[in-house]
Amino acid sequence: MLQETDRIETWRKTMDDVREEIGQVIVGQTETVEQMLWCVFAGGHALLEGIPGLGKTMLVRAAADALDLPFSRIQFTPDLMPSDITGTDVIHFGGEGGVSGEFRKGPLFGSIVLADEINRATPKTQSALLEAMQEKTVTIGGTTHRLPEPFFVLATQNPLENEGTYPLPEAQLDRFLLKLDVDYPSPDELKEIIRRTTSSKNRQAVKQADAAALLDIQRGAKEVLVAEDVLDYAVRLLMMTHPDQAASPDSVKRFVRFGSGPRGLQAMIAVSKVRAIAKGRMHVSTGDILAAAKPAMRHRLLLNFEGQAEGISPDTLVADIVDRLESSR
């Protein structure tokens, strides 16, 4: 039991150290940083949405530095081809007629890959990225190349500018474990941003963990226990995202066309296990489920025409589901 307690404490401290180090670089965004780390330690990919200039790129770079992982950035544009991100086979012709081949790796071969403005790429290039996210491999010329371990894609998109974009279909959005909303900073945070970025005190994150420690926490998270009643609670929450369920809130029945699929439940449980470790526990609580609900569900609720026309936020619908769920306990 003492050894188990020591393991949990080591994992918890590692997660705290990484979060605090990122906080030395990123001003505010406490919830976004925490949820991004839940995603990374759970072994999933995250979609960050926010207007330009909120530090999304800096946040991902700080996470890579704090975790001491190879970082790769891809700026998505409409003319980007799949081979531009996956890599390509290059043929060399020798002086005496000899021919040899070489595979040149693309920017996908990093441990933390920033897919900047993913919705600016064509569906063909998006599919190449999302296939790599799912399979952790790329296939070029009939040869399959395995991506490094660990491997994470942290993608960004701008919610304001839609001209010249290719919105991700719901089936592809479902590949992201979490969707994180990057909020606008408060006046005090804005002042601190200016102090840091216009003086010589600006700094980069330094190593607080490594790939081995990260993979150890990922394996440990799979050992976290989920009691039957807690799992039932998560299942009820998921089912209430569907408008055809009698227990669903009126807002869901009115504004939602389709609710979350099974991956939403997988995401909630995976993230809840990591959050439990961050709190020093080896069991999931309903509080963990509630904390994971919004980032796990907000991109998995498909609004109907009325919901889109009225600008209904998925977060509002999830909050209604939670209220209904809690009142029925």
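Using a probe of 1.4 Å on the protein chains alone, the accessible area found for E131 is around 100 Å². Distances between placed amide hydrogens fall under 5 Å for I140 paired with H145, all partners being 5 or more residues away or on another chain.
Reported value for the range 39-153: 129 Å³ per residue, from the convex hull of its C-alpha atoms. Distance from the C-alpha centroid of the range 168-237 to that of the range 291-307: 18 Å, rounded to the whole angstrom. With a 1.4 Å probe rolled over the protein heavy atoms of all chains, the accessible area of K179, K124, K191 falls in the order K124, K191, K179, largest first. Solvent-accessible surface of the chain, taken per residue with a 1.4 Å probe and all protein chains present: 49 Å². Taking all protein chains as they are arranged and a probe of 1.4 Å, the heavy atoms of S199 leave approximately 50 Å² accessible to solvent. May I ask for the angle, rounded to the nearest 10°, between helix 123-135 and the longest principal axis of the chain, with both axes built from Cα atoms and the value confined to 0 to 90°? Its long axis makes an angle of about 80 degrees.
With the highest mean first, a sort of the peptides 46-56, 291-301, 69-79 on other beta-carbon atoms found within 10 angstrom per residue produces 291-301, 46-56, 69-79.
Working note: Karplus 6.51/-1.76/1.60 with θ = phi - 60° gives the range 289-302 the couplings 4, 5, 5, 8, 4, 5, x, 7, 10, 5, 9, 10, 9, 9 Hz, where Gly and Pro are set to x. For a straight C-alpha distance cut-off of 20 angstrom, the aspartates and glutamates reachable from K222 (same-chain residues fewer than eight places away being disregarded) are E4, D6, E9, D16, E34, E135, E149, D210, D232, D288. For the pair the range 1-33 / the range 38-98, the C-alpha centres are spaced 25 Å from each other.
Protein heavy-atom surface of the chain, 1.4 angstrom probe: 51% of the accessible area is carbon and sulfur, with nucleic acids and ligands not counted. Between the beta carbons of S313 and A211, assuming R0 = 41 Å, the FRET efficiency works out to 0.65 to the nearest 0.05.
Under 21 Å of direct C-alpha separation, and excluding same-chain neighbours fewer than eight residues apart, K56 reaches these lysines: K179, K191, K201, K207, K294. With semi-axes defined as the square roots of five times the eigenvalues of the C-alpha gyration tensor, the equivalent ellipsoid of the chain measures 33, 26, 22 Å, largest first.
Taken one residue at a time, the phi angles of the range 142-147 give Karplus couplings (6.51, -1.76, 1.60, θ = phi - 60°) of x, 10, 9, 10, 7, 7 Hz. Gly and Pro are set to x. Using the Cβ of G261 as centre and a radius below 12 Å, the other residues enclosed give a net charge of +1, where K and R count +1 and D and E count -1. The angle separating the long axis of helix 187-197 from the principal Cα axis of greatest extent in the chain is about 20 degrees.
In the chain, Cα pairs under 8 Å separated by at least six residues give a relative contact order of 22 percent. A cut-off under 10 angstrom between Cβ atoms defines the neighbours of R12, and their net charge, with Lys, Arg +1 and Asp, Glu -1, is +1.
The values are calculated or read from the model by the stated rules, or taken from the named source; none is laboratory data. Since this is a predicted model, take the numbers as computed values, not measurements. Backbone-built Cβ (ideal geometry, glycine too); neighbour counts: all protein chains shown. Ligands, DNA and RNA are stripped out before the accessible areas are found, and what is left, the full protein with its side chains, is counted by its heavy atoms. Shrake-Rupley method; radii C 1.70, N 1.55, O 1.52, S 1.80 Å.
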